[in-house]
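Just below is one structure, and these are the notes that go with it.
Where a number appears in this text, it was derived from the coordinates with a stated rule and is not lab data. Keep in mind it's a predicted model, so treat the numbers as computed, not measured.
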Amino acid sequence: MPKQKKEITLHFYRPVMLRTFDSGVMVIQSKSHSDVEVFTRIRSMVTTPDALRSGVTASDAAMTLGIAPAMAKEHLLAAEGKGLLCRDVSPDGFRFFVNLLQEVDADDIFLVKDYGIYQTWIKVISAAR
């Protein structure tokens, strides 16, 4: 009596995916780890008074997001690419700041708003002097 071989295909639910950042870095991340969620957390971080004054580093973001600094830098660069952040590059490394240019009214670039992130930034900077 011949033995029949049965192929067994196991299907596992894989809640992870391979992601490639613009820089070419490839990571395996959770499918539930969305850019919207990460950008929301980054925006909260960069709008604190300390961050408005001095910006954030990849190490700062890593601690807040609970990920490695290299991954945090990739997320910060992605947020910059979306226009959410601006970066300053110095001998000390990268520092990221909230992009205040989004609040500038193209029809009246001289209008100083008395609300929003821009006004909060003005208060923080003025208090630091």
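Structure notes:
- Difference of contour (0.36 nm per residue) and Cα-Cα distance, T40 to K123: 27.6 nm
- All aspartates and glutamates inside 13 Å of K123 as judged from Cα atoms, apart from same-chain residues fewer than 8 positions distant: D50, D114
- Per-residue HN-Hα couplings for region 53-61 [Karplus 6.51, -1.76, 1.60; θ = phi - 60°; Hz; x = Gly/Pro]: 7, 10, x, 10, 9, 4, 5, 4, 5
- Average silhouette area of region 34-128, convex hull of alpha-carbon atoms, in square nanometres: 6.8 nm²
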